[in-house]
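A short worksheet on the structure shown next.
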There are 2 protein chains.
Amino acid sequence: MAEAEQKLANAALRIDFATEPSRYRHWKLSVSGKVATLVLDVDEKASLFTGYDLKLNSYDLGVDIELGDAFERVRFEHPEVRVVLLRSGKPRVFSAGANIRMLAGASHAHKVNFCKFTNETRNAIEDASSASGVRTICVINGTAAGGGYELALAADHIILVDDGSSSVSLPEVPLLAVLPGTGGLTRITDKRKVRRDHADFFCTTEEGIKGKRAVEWRLVDEVVPASRLEAAVAGRVDDQVSASGAADAPPGIVLVPLYRKIAADRRDYQNVSVVFDRAARIATVILRGCDEPAPDSAEAMVAQGAAFWPLRLARELDDAILDIRFNETDVAAILFKSEGDPRLMLGYDGFLDRNAAHWLAREIRLKWKRVLKRIDLTSRSLIALIEPGSCFAGTLAEIVFAADRSYMLIGSRDGDNRPPGGIILGDVNLSGTLAMSNGLSRLQTRFLGEPDAHDKARRAIGEVLDARAAEALGLITFALDDIDWDDEIRLFLEERASFSPDSLTGLEANLRFAGPETMETKIFARLTAWQNWIFQRPNATGGAGALSRYGTGLKAEFDTTRT
Amino acid sequence: MAEAEQKLANAALRIDFATEPSRYRHWKLSVSGKVATLVLDVDEKASLFTGYDLKLNSYDLGVDIELGDAFERVRFEHPEVRVVLLRSGKPRVFSAGANIRMLAGASHAHKVNFCKFTNETRNAIEDASSASGVRTICVINGTAAGGGYELALAADHIILVDDGSSSVSLPEVPLLAVLPGTGGLTRITDKRKVRRDHADFFCTTEEGIKGKRAVEWRLVDEVVPASRLEAAVAGRVDDQVSASGAADAPPGIVLVPLYRKIAADRRDYQNVSVVFDRAARIATVILRGCDEPAPDSAEAMVAQGAAFWPLRLARELDDAILDIRFNETDVAAILFKSEGDPRLMLGYDGFLDRNAAHWLAREIRLKWKRVLKRIDLTSRSLIALIEPGSCFAGTLAEIVFAADRSYMLIGSRDGDNRPPGGIILGDVNLSGTLAMSNGLSRLQTRFLGEPDAHDKARRAIGEVLDARAAEALGLITFALDDIDWDDEIRLFLEERASFSPDSLTGLEANLRFAGPETMETKIFARLTAWQNWIFQRPNATGGAGALSRYGTGLKAEFDTTRT
């Protein structure tokens, strides 16, 4: 029943998330003082898949990979930047949104993963604003439709040109029978707080809204005549730069390309390896510590730059997870293992804590926060295996808490002279620094029903917790001895792989996010789950559905049953 | 593309939500002092549709209609009741949950509506506890599987017999490739706060959990040996009755059957009419005020009983909405109109405000709260038309605020001597008394981005607001004059009916619930939307899917792609 897959362009075999500004085909990043300008000027022939052109600044995943990369680079390579100016390089159009031919031809799995990634990119733009003070100003000179306007919604400030034709719109419902699913519906109700009947009108009006009404309904922040546009933009940029009150920032670091070796059944990075057992549908992700203790000064960290272990590991892990999400859709479960000296690794957390006010330490922690959220949102069963020689300490222990289940070996194995696995908690696990998208730490979420357990975990900070101790504290699911280990794990993984992948996706999407909801969780739950439902409905994606028929000249045919 | 519909049993033409204890086939309601006992003893031959037997206390919508009715009767007819004891009338089984053959044979629309209604029933059980102090104790003597355990989860206290075989389980994922979608996943994480890895284990373990572990993991509140069961139950009941501290309550009122006249294209109740325009796919719901002012004492209200206008209207409206949901799935939009003297109707709100401490006034307000939530959750476009002679005042004005859009005629029409439409706000619109499932009032939700507008609305309480005034206050979407009215409304409704019903369902499910999320909204969004997605997936409902193949002896075949 697997759906036909679109073919990657240029005979590529996998989707690659590594890029850098010199290789961008669609975005132009330039930095001048405290202002970065990101110009969207899509190369319509440089689509990720074959079979469509990226007309009218429409985008596919390839365009969004560049956008995500650009924001990462602004934060790490240009810490002096306080304002990102987002604009179009084409006349009369800001962006037509996600490319519809791409969507119509994509497999369900790709559509869902594409939307998830673009949502993560938009969230990262907002994270740069709220956590790093990098404000984004979006200039719409032309039409911003669907995903184009949803991108604008991620900005702090939207300027729309008042020229009688420039407009914002979310025409998905009337045109395509799908939702504005890249955060659009959630951001208009919860971020811009557009009144619900205005939102209803807006989302069902193909041509969108322009001029004064766009401001009155809070869809944009200001409209300015074309003649005053550049002056208005310059003014807003100056306002933001002044408001940031930032002194001259130190120079950034360079995000050098990751070392990667790609083989048929494994990927090797410097500190991460991924091994695929395709028969069992398992990817084992091995995280390696480093042998050097944390440096003794922030300057030394900056000197190490992208080679600084916590940063390198975060980037490698992020790339590995995205590779599995998009290129390995048959993988049912991800097993996380680690290797290294947990005390040494916890030393890096201590270092980051002590240097929390340093821009690079802050950005590295925020990067980990994003990577861990990406793991939380990865729809595969996540299992942590804690064995002798592992280093699940501090930040790395978060992976244990992100897992759906964790198994820890009691003691060591015969003939294995590595120390028994030990979890060490750091302040980072209890401080909320690495909060999930629900706003709580993983341990807070885990212990919603047991506040005492949370307090006990706090008192255990810094101790090496063996399997029995970790089990008693509720930090792991099961402690197993050597006699049971192999069979238990094997049976569990076989059973897991035998379940319907869809029901596991739904199960995990519910169980992982107990407690409060935020705009971010609403986007990934309420909005995304409805969109995924619609992506399955014949009215959208069936042969006579609106998405399938878009651009064919044929009118969509609908089953009128309301569900 | 409409799916094949199951046939209603006994050649019935429509699903009827009206019932009463003497007609129950599946539940036995008995009341003794402050304790009501509800025994589930399903008549397996009395299924709602043909083609399956309700074995092992499994349920279909017919069973749940009785359960919903029973709780309504406890609240209105037996206000003295402080504890509802929920138990099974069959040996060795509490309930096997939703009937799988029924689910496998049901249309997608019925599955979705069935789950919504059962969720509303469970929420009403919790509402009886939190708002009316009616505690539910659930006794599980046997197996409680899937929806059976989800019903138990709605109770305040769950007692499980410790006999080596009685257990609780959510086997949907391993057995059926669907989710425990009647609140199960949300209640284990957010109500019972089960640790996420325990929840993962529990929800993937077909045989469930029994005995001590069920308590340790907070899946039940206590386990007791069979020999001590009755004593333990009696003890818990006594505890709850004592804790309620209630003096002897006055006698209740009788919820007499609603007057209903069912014709091909209309339904007439005493204060509600529904007129179907099937070509246009519109149902017009007309709410009629009454000619009598509110009574002058609580005693007079009790004497009127079910004939008391606010109560009768609520019950009639509820029945009408459910009828449209289940029996009229082709209806795209519901138009709400009203007829009556708004001042007179507002007088009833004043009466209920003044008597807020009276049990019946409280229950009527809570009933309205549930009915209005039912409207919020009805997946049809909701439109309020405010015309001369209408009475959208106080509680009825909530229907305007529940609508996706509202249109109000400016002034009167030639030859129409009724007064122009006027909205009157009452305290009830601003107090939170009729809060939505997100915990906010409809006006708070509406004005999330405009706190000033909320304050202005408060200052307008009691004024008759004409179309211009209502528009200026942001209470309606559009004020139209007589010249534009007919064309505008017609074009809007035609356009609305031309959109994909699914995309409107998704749109409305997002736009109606701005702001905070609660356990209730999580159930209807995160959980339900994922379940609806899964209900569409071939792995569940395809020819070789798990739900379709359940009980056939054939193993399900899965597309292993993770999405």
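Rule-based calculations on the coordinates, nothing more; no lab input. It should be emphasised that the depicted structure is a prediction, and the values quoted were computed from it without experimental measurement. Cβ: placed from backbone, ideal geometry, glycine included. Neighbour counts: every protein chain shown.
Points worth noting:
- Helix B:229-244 and the long axis of chain B differ in direction by around 30°, with both axes built from C-alpha atoms.
- Separation of alpha-carbon centers, segment A:224-269 and segment A:503-550, rounded to whole Å: 31
- Cross-link reach list, lysines versus B:Lys34, counting only Cα pairs under 17 Å and skipping chain neighbours closer than eight places: none
- Each residue in A:Arg73, A:Arg187 was given a count of other beta-carbon atoms within 10 angstrom of its own, and listing them fewest first yields A:Arg73, A:Arg187.
- Beta bridges by DSSP in segment A:85-210, antiparallel share as percent, to the nearest 5: 10
- The value obtained for segment B:117-219, namely the Cα convex hull volume divided by the number of residues, is 87 Å³ per residue.
- For segment B:145-154, Karplus couplings with θ = phi - 60° (6.51, -1.76, 1.60), whole Hz, Gly/Pro x: 10, x, x, x, 6, 4, 5, 4, 5, 6
- A Cα-only calculation for segment A:191-252 places Rg and Dmax at 16.6, 48 Å.
- Straight Cα distances below 17 angstrom link B:Lys555 to the aspartates and glutamates A:Glu494, A:Glu495, A:Asp502, B:Glu172, B:Glu206, with same-chain residues fewer than 8 positions distant left out.
- Projecting 7 Å from Cα along the Cα-to-Cβ direction, the label point of B:Ala234 sits 8.9 nm from its equivalents in the other copies, listed shortest first.
- Cut-off under 5 Å, modelled amide H: who pairs with B:Ala98 long-range: B:Tyr59, B:Gly147, B:Gly148
- Computed over segment A:317-372, the convex hull of the alpha-carbon atoms projects to a mean area of 4.8 nm².
- Placing a label point 7 Å from Cα along the Cα-to-Cβ axis, B:Arg14 is separated from the same position in the other copies by 5.9 nm, shortest listed first.
- Translational diffusion of segment A:366-471, estimated by Stokes-Einstein from the Kirkwood radius over alpha carbon pairs at 20 °C in a medium of 1.002 mPa s, is 150 µm² per second.
- Working from label points 7 Å from Cα in the Cα-to-Cβ sense, the B:Ala12 to A:Lys456 distance is 5.1 nm.
- Here the peptides A:197-205, A:228-236 are ranked by packing, the mean other Cβ count within 10 Å, and the order with the highest first is A:197-205, A:228-236.
- Relative contact order [Cα under 8 Å, 6+ residues apart], chain A, whole percent: 12
- Annotation for B:Ala544, label-to-label distances across the other copies: 2.8 nm (shortest first, one decimal, point 7 Å from Cα along Cα→Cβ).
- Links that overshoot a 19 Å alpha carbon limit, given the list B:Lys45/B:Lys261; A:Lys373/A:Lys522; A:Lys28/A:Lys210: B:Lys45/B:Lys261; A:Lys28/A:Lys210
- Ordering B:Lys210, B:Lys111, B:Lys28 from the fewest to the most neighbouring beta carbons within 10 Å gives B:Lys28, B:Lys210, B:Lys111.
- Burial ordering of B:Val178, A:Val241, fewest other beta-carbon atoms within 10 Å first: A:Val241, B:Val178
- Estimated from the Cβ-Cβ distance and a Förster radius of 41 angstrom, the FRET efficiency linking B:Val254 and B:Lys55 is about 0.75.
- Relative to its Kirkwood radius, the Cα radius of gyration of segment A:1-129 gives an Rg/Rh of 0.98.
- Beta-bridge orientation, the protein assembly as shown: approximately 35 percent antiparallel, per DSSP, counting only bridges with both partners inside.
- Amide H within-cut-off set for B:Ser88, under 5 Å, with H built and near neighbours excluded: B:Leu40, B:Asn141
- Seen against the Cα atoms of chain A and their longest principal axis, helix A:61-77 is set at about 70 degrees.
- In units of the rule-of-thumb radius 2.2 N^0.38 Å, segment A:3-48 shows an alpha carbon radius of gyration of 1.51.
- Placing pseudo-labels 7 Å out from each Cα toward the beta carbon at B:Gln304 and B:Ala247 gives an inter-label distance of 2.6 nm.
- Here the Karplus relation 6.51 cos²θ - 1.76 cosθ + 1.60, evaluated at θ = phi - 60°, turns the backbone of segment B:107-120 into coupling constants of 5, 4, 4, 5, 4, 5, 5, 4, 5, 4, 5, 5, 5, 5 Hz, with x for every Gly and Pro.
- Mean partner shielding of peptide B:188-194, defined as the number of other chain Cβ atoms within 10 Å of each residue Cβ, is 5.
- Relative to one another, the C-alpha centroids of segment B:395-452 and segment A:40-119 are positioned 41 Å apart.
- Relative contact order of segment B:171-321, defined on C-alpha pairs under 8 angstrom at six or more residues apart (%): 14
- Beta bridge orientation in segment B:362-494: antiparallel %, DSSP, nearest 5: 10
- Rg/Rh ratio calculated on Cα atoms of segment A:429-507 (Kirkwood radius): 1.05
- Remark: mean inter-chain Cβ contacts per residue of B:174-182 equal 4, using a 10 Å Cβ-Cβ cutoff to other protein chain atoms.
- Taken along its principal axes, the alpha carbon cloud of chain A reaches lengths of 76, 58, 47 Å, longest axis first.
- Scaled to the globular estimate 2.2 N^0.38 Å, the Cα spread of the protein assembly as shown, given as radius of gyration, is 0.94.
- Additional length obtainable on full extension of the chain from B:Val275 to B:Ala544, 0.36 nm per residue less Cα span: 92.7 nm
- C-alpha long axis of helix A:359-376 to longest principal axis of chain A, angle in °: 90
- Placing a pseudo-label 7 Å from each Cα along the Cα-to-Cβ vector at A:Leu491 and B:Ser22 gives an inter-label distance of 5.7 nm.
- Considering only B:Pro251, B:Leu317, B:Ala283, the residue lying farthest towards the positive end of the dipole of segment B:226-336 is B:Ala283, judged by Cα position with unit charges set on Cβ.
- Segment A:Asp353..A:Glu463, full-extension length gain: 37.8 nm, with 0.36 nm per residue of separation and the alpha-carbon distance subtracted.
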